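Notes follow once the structure below has been shown.
The values are calculated or read from the model by the stated rules, or taken from the named source; none is laboratory data. A quick note: this is a predicted structure, and the numbers were derived from the prediction, not measured. Neighbour counts are summed over all protein chains in view; Cβ atoms, including those assigned to glycine, are modelled from backbone coordinates with ideal geometry.
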């Protein structure tokens, strides 16, 4: 299974700024290996984030998102101590969820 | 050594929890969640096709969309930081498109109420190209364009 995400969530007033660093190969399916065979695509397709159980972000990604993807988003109505959860699903159906506490 | 063993243990533990959840019908593998991925949009070649694949008719250029981050010259096409903010009222979604990539659409973000119309990520660029920020607001589509020059390609490298 994939490595954990690094999630940092900081409250600024009423707003929460969330920064996520995921660990994923993000293979495009365009590259060829040394034998000339196409390396199959392998990338995160869906990302969703929840704040205390309520969805705050839904994203769909293609293979053009960089390897080990970075993501930043901001939502309001959060405060220190709240939980932010981020989930990704890749095109092989692999899934990973990590949680962070708003600081 | 120990750390990696610990991680491996943790990973298998996590997998079995997921397995149990799947068995309990909480997560159906390849569920509706994964099916939501808009294949047509991600295979579209240009801005207009992406808008059509997303269900819109056409996109209007707008000055209310800002590239908070987007380099004029990207040294490494594999990692081009792009951040987009929309000031258009009722912004529901923001998408990042790279015109000259094999498939234009790189990423799209949907914002439920309460989430700021802002998205930041890093994308790959095969060559110098226009980058479009596509915004869906109140059912209509708007876009802004910025040219990013790439000195080292990010695809096929």
Requested in this report: Select the strands (runs of 3 or more DSSP E) contained entirely in the stretch B:101-157, then report the ones holding at least 3 residues which are free of Cβ contacts under 8 Å to residues at least 24 places away in the same chain and facing chain A (nearest Cβ under 7 Å).
Outcome: B:105-110
Report summary line: (1) at positive phi; (2) out of contact with any strand residue (DSSP E or B) (no Cβ under 8 Å at 6 or more places or on another chain); (3) at the interface with chain B (Cβ under 9 Å from one of its Cβ atoms) all hold for residue A:26 apart from (2)
Report task. Scan the stretch A:1-16 residue by residue and report those that are facing chain B (nearest Cβ under 9 Å) and part of a strand (DSSP E or B). Result -> A:15
**Report entry** Residue check, residue B:44 buried (at least 20 other Cβ atoms within 10 Å of the Cβ), at the interface with another protein chain (Cβ under 9 Å from one of its Cβ atoms) and within 16 Å of the chain's Cα centre (by Cα)
**Finding:** no
Report task. Could you list, in sequence order, all residues of the stretch A:68-82 that are under 20 Å from residue A:46 (Cβ atoms) and more than 7 Å from chain B (Cβ to nearest Cβ)? Result -> A:68
**Report entry** Residue list for the stretch A:53-84, filter: assigned to a strand (DSSP E or B) and under 20 Å from residue A:12 (Cβ atoms)
**Finding:** A:54, A:56, A:57, A:70, A:71, A:72, A:73, A:74, A:75, A:76, A:83, A:84
Requested in this report: May I ask you to list the residues in the stretch B:90-100 that are assigned to a loop (DSSP other than H, G, I, E, B) and under 26 Å from residue B:36 (Cβ atoms)?
Outcome: B:90, B:99
Requested in this report: Could you tell me whether the stretch A:65-83 includes any residue that is without any contact (Cβ under 8 Å) to a residue 12 or more places away in the chain, more than 29 Å from residue B:98 (Cα to Cα) and more than 13 Å from the chain's Cα centre (by Cα)?
Outcome: no
Report summary line: residue B:78 meets each of (1) outside any loop (DSSP other than H, G, I, E, B); (2) over 17 Å from residue A:46 (Cα atoms); (3) at pLDDT below 95; (4) within 14 Å of another protein chain (Cβ to nearest Cβ) with one exception, condition (1)
Requested in this report: Name every residue in the stretch B:105-119 that is under 9 Å from the mean Cα position of the chain (by Cα) and surrounded by fewer than 24 Cβ atoms within 10 Å (Cβ to Cβ), in order of residue number.
Outcome: B:108
Query raised in the report: What number of residues within the stretch A:26-51 are within 21 Å of residue A:95 (Cβ to Cβ) and loosely packed, with under 13 Cβ neighbours inside 10 Å?
Result: 1
Query raised in the report: Is there a residue being closer than 26 Å to residue A:21 by Cα and modelled with pLDDT under 95 anywhere in the stretch B:47-65?
Result: no
Requested in this report: Test residue A:87 against the stated conditions and say whether it is part of a strand (DSSP E or B) and out of contact with any strand residue (DSSP E or B) (no Cβ under 6 Å at 6 or more places or on another chain).
Outcome: no
